[in-house]
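Let me begin by presenting the structure, written as C-alpha cells, before commenting on it.
Just so it is clear, none of the values below were taken in a lab; they were calculated from the coordinates. Keep in mind it's a predicted model, so treat the numbers as computed, not measured. Reconstructed Cβ throughout: ideal geometry from the backbone, glycine too, with neighbour counts over all protein chains shown.
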Amino acid sequence: MLENSSALDLTVGRSTVRQAILALLMDEPGCRLHLREIQRRAATSPGTASRELAKLVAAGLVEREAEGAQVYFRASNSPFAMMLRSILLAMPSPERGPRPRRLPRPGRTKATAAPAADQVEFEPGVASSGIDSAAARVFEPAPRQRSQAPSEQVAGADTLESPAPSSADSLVLKAAGRFAESVRLAYGDTLRGVYLYGARAGGSAAGDADVETIIVLDQIDHYGAELEKTSQMCASLSHEFGVLVSRIFVSESTWEGGPDGRLPLVRSEAIAL
Amino acid sequence: MTPRSAQLIDGANQALASAQRELEARDLDGAAERACVAMLRLAKACLDVDGVSAGPAKAVCSEYGERFVQTGIMYSAYFRWLLDAADLRKAAASDVAAPIDYDAAATVVERAEIFRDATTRFVARSTR
C-alpha cells in the first residue's frame, strides 16, 4: 500500500506549491478563495499560483468561478476530489503546508524580504539611469474594460470573443488582452493593431507556450525604442500571469503588404486583440 | 563555481565576443542573436547555482524571473533585458518584423556585458 504522500505525488504531481494550494482549498469544505489570497497563503508568486491552479482546474480537482472581474477557486465536490481530500486530511500537517521554495544558501535573501543592498546584483550606473522609472511611466495597469473592436478585422481571424476557452486559455487571453490595452494606452493613434499569433493563436500551444504578439505601428524608425517602450509591460504581465509575453513590431506598410513571403500566413492565423 | 556554471559562463563570453565582432561589422541581426545567446547562457549559469537545469529559452526566462528577480536577488531590469533580448532575437530571425537598428543591437550587446559581469560575481559569491 502506498504511503499517503506517495499517493498524493501520483495524483497531484510532485509540485509542492500545487499540493499546498490543493491542501489550502480542501482544508475547509466550501472554502472559496481568490487568486491573490491563494498566492499569499501558499507563499508563492502570482504566476506560479495561476499556473498550478490552471492545472488543478484542468484535472477536475478545483473549480473556478467568475463573478464579474473577480475569479474564485474552490475544491471540487467530485468523488475523486473527495477521496483525495480524505488522503490529504490523513496526512500529518507539516506535509500539507507549503514548503520553502528552495533551500537557503549563504548570501541569499528570503523570498519575500527585500534584499540587502550588497546582495542585489545591479550596476549603480544602470540603476540610476532611470530605465525602470521611465518604463514604469509608460506602463500603467490598464482599466478593466471590454476589448475594443479592431478597426480593421483580419480576414479569417478569430477574436477574443471566441466561445468556451479552457481555464488555461482564459488566463492567456486575459494576459494578452491586458497587454493589448497597455499597448493602446502607450501608442494611441500610431497603433494600427495588436495581434496574437503563433501557437497560442493556432490552438496548438503547450501549457508553457509564450503569448506571442504582433504590434503593428504606423511606422517604425527605431526598433530598440519600441522594445524599450513596451519592456516594462511585458515583464510585469509575464510575472503576473506566469507566462511569457513576447512581441514583435511590424510596420503598417509591411502588414498590409503584398501576397509574397510569410506575412499572409501570419496574418490569416493572427487573432486581433 | 560549479563546472557547469563555468562552462556556461565561458560559452557566454564566446557568444558575447562574437556579438561584439558582428556589431562592429554591422551585422545587426547576428549581433542581436549572439548577445541574446550570451544572456541566456548566463541566466542558465545562475539557475545552475540554484540546482535547476532549464532547456528552452522561454523556460530559462521564466525560471530566472521567478527565482532571481521576483525574490529580489537580482536587479529587476535584468528580467526585462532578458525578455527584450529574446524578442530582439525573434525579430532578427523574423521575415515580417521591422528591421532592427544599430542602437537596438548595440544596446543588447552592452546589456549582455553588464549581465555577464553581474552574473559572474553572483555565481562566484554563491558557490564560494
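Annotation for A:M83 and B:Y102: the two label points, set 7 Å from Cα along the Cα-Cβ direction, are 6.9 nm apart.
Taking a Cβ cut-off of under 11 Å around B:R34, the surrounding Lys, Arg, Asp and Glu residues balance to a net charge of -1, with basic ones at +1 and acidic ones at -1. Let a ≥ b ≥ c be the square roots of the eigenvalues of the Cα gyration tensor of chain B; is it rounded (a/c under 1.5), or, if not, prolate (a/b larger than b/c) or oblate? Here chain B falls in the prolate category. Relative to the Cα centre, the charge distribution of the range B:30-97, modelled as +1 at Lys and Arg Cβ and -1 at Asp and Glu Cβ, gives a dipole magnitude of about 80 debye. The mean number of Cβ atoms from other chains found within 10 Å of a Cβ in peptide B:78-85 is 6, as a whole number. Distance from the Cα centroid of the range B:90-128 to that of the range B:1-66 is 8 Å (rounded to whole angstrom). Net length available on complete extension from B:A124 to B:Q14 is 37.7 nm, with 0.36 nm assigned per residue and the Cα-Cα distance removed. In this calculation the C-beta distance from A:D189 to B:T2 is compared with R0 = 45 Å, giving a FRET efficiency of 0.30.
Does the range B:35-87 come out rounded, prolate or oblate by the C-alpha gyration tensor, with a ≥ b ≥ c the root eigenvalues, rounded set by a/c under 1.5 and, if not, prolate when a/b is larger than b/c and oblate if not? Because a/c hits 1.5 or more and a/b fails to exceed b/c, the range B:35-87 counts as oblate. Pick from B:V96, B:V52, B:V109 the residue whose mean-square fluctuation is largest in a GNM of chain B, springs joining Cα atoms under 10 Å. For chain B, modelled as a Gaussian network with Cα springs under 10 Å, the answer is B:V96. B:A12 sits among other residues whose Cβ lies under 9 Å from its own Cβ, and their net charge, with Lys and Arg +1 and Asp and Glu -1, is +2. Normalised by the number of residues in chain B, the mean separation of alpha-carbon contacts (under 8 Å, six or more apart) gives a relative contact order of 36 percent.
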